[in-house]
Amino acid sequence: MANLIRVKDLHKTYEKDKIKTFAIRGVSFDVDRGEFVAIMGPSGSGKSTLMQMLGLLDQPTKGEYLLTDRNIENLSDDEMANLRNTKIGFIFQSFNLLSKTTVYENVELPLLYDHRKTNVKENKAKILKALKAVMLEHRVNHFSNQLSGGEKQRVAIARALVNDPELIFADEPTGNLDSKSGTQIMKILQNLNNDGKTIVLVTHETQTANHAKRILRVVDGKINSDQPVKTRIIARDGEKLK
């Protein structure tokens with residue numbers, strides 16, 4: 001199986017007032033196409049910083065990062081923006097929805113920034129397909145502030161899916177949700193992985209991480225362990241996420 005992500009000796013250092021903070025300290029790993037990987041660690045471990053770099057939202061201080069066999073160091077800002085919009089989908093803990101717009105309009109946003117021009121009919125089909133994947137077709141004309149937390153996160157997932165990305169980053173996607181809604185989100189992510197999407201999940205919770213197939217444990221900016229999940233949790237309706 002071909003690598004989608006290849007990271008070698010990646011570092012991230014922040015400097016303020018001549019004081020250096022070493023957020024990521026020489027991590028190396030691969031993620032194959034079709035994997036479901038959890039990056040797990042306590043607050044301040046560097047896991048979110050790592051995801052920011054993997055998602056092309058930040059750049060490493062040094063080291064090599066290949067995404068779809070392309071070295072990001074050689075990419076222009078426009079090329080990285082294009083990769084983010086066409087190859088990557090993002091799901092965040094805080095949903096990041098526009099409150100005074102409809103579900104349809106929120107999901108449509110990535111299409112408006114896509115250089116691959118499509119017509120209104122094609123865009124509508126993409127939006128409805130993405131909403132169907134998260135079981136929210138019936139909410140298409142509702143405003144986002146009319147939705148529950150779980151529904152908001154499902155809209156965020158639909159928005160991440162609308163451009164049919166190969167890779168999805170989910171940063172603490174159940175962090176603001178009740179147990180039932182959290183289970184629904186993990187079930188959707190597992191279904192997407194079963195359909196061939198590569199999922200990288202960032203979490204500090206062991207039970208959430210165990211929905212993945214492999215766990216990278218990050219401690220003090222370094223990978224402490226890289227192991228397959230021994231007893232994987234398969235999300236089902238009625239379960240609770242603790």
Would the range 1-81 count as rounded, prolate or oblate if I go by the C-alpha gyration tensor, calling it rounded below 1.5 in a/c and otherwise prolate when a/b exceeds b/c, oblate otherwise? oblate
Added length on full extension, which subtracts the Cα-Cα distance from 0.36 nm per residue, K213 to L112: 33.0 nm
Amide H partners (placed H, <5 Å) of G26, local residues excluded: L10, H11, K12
If the elastic network links every pair of Cα atoms under 10 Å, which of N210, N163, N194 fluctuates the most in the Gaussian network model of the chain? N194
Along the range 208-218, what does the Karplus equation 6.51 cos²θ - 1.76 cosθ + 1.60 (θ = phi - 60°) give for ³J(HN,Hα), rounded to whole Hz, x for Gly and Pro? 5, 4, 6, 7, 7, 9, 8, 10, 9, 9, 10
Residue pairs, from the table K47/K152; K126/K152; K62/K222; K20/K47; K47/K213; K129/K187, whose Cα atoms sit over 22 Å apart: K47/K152
Would you please give the residues with an amide H less than 5 Å from that of L4, counting only those at least 5 places away or on a separate chain, with H modeled from the backbone geometry? V31, D32, R33
Counting other beta carbons within 10 Å of each residue's own, what order do V27, V140, V120 fall into, fewest first? V120, V140, V27
Fewest to most neighbouring Cβ within 10 Å: what's the order for R25, R154? R25, R154
Kirkwood Rh for the chain from C-alpha pairs, in Å, is 18.5
Residues meeting the amide H criterion for V218 (H placed from the backbone, H to H distance under 5 Å, 5 or more places apart or on another chain) are M40, G41, N224
Once you charge only the Cβ atoms, +1 for Lys and Arg and -1 for Asp and Glu, what is the size of the charge dipole of the range 141-242 about its Cα centre, to the nearest 20 debye? 300
Please work out the C-alpha center-to-center distance from the range 32-95 to the range 146-219 and express it in whole Å. 16
Counting other beta carbons within 10 Å of each Cβ, put T13, T21 in order, fewest first. T21, T13
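Rule-based calculations on the coordinates, nothing more; no lab input. Remember, predicted model here, so these are calculated numbers, not experimental data. In this analysis, Cβ positions are derived from the backbone assuming ideal geometry, glycine residues included, and neighbour counts consider all displayed protein chains.
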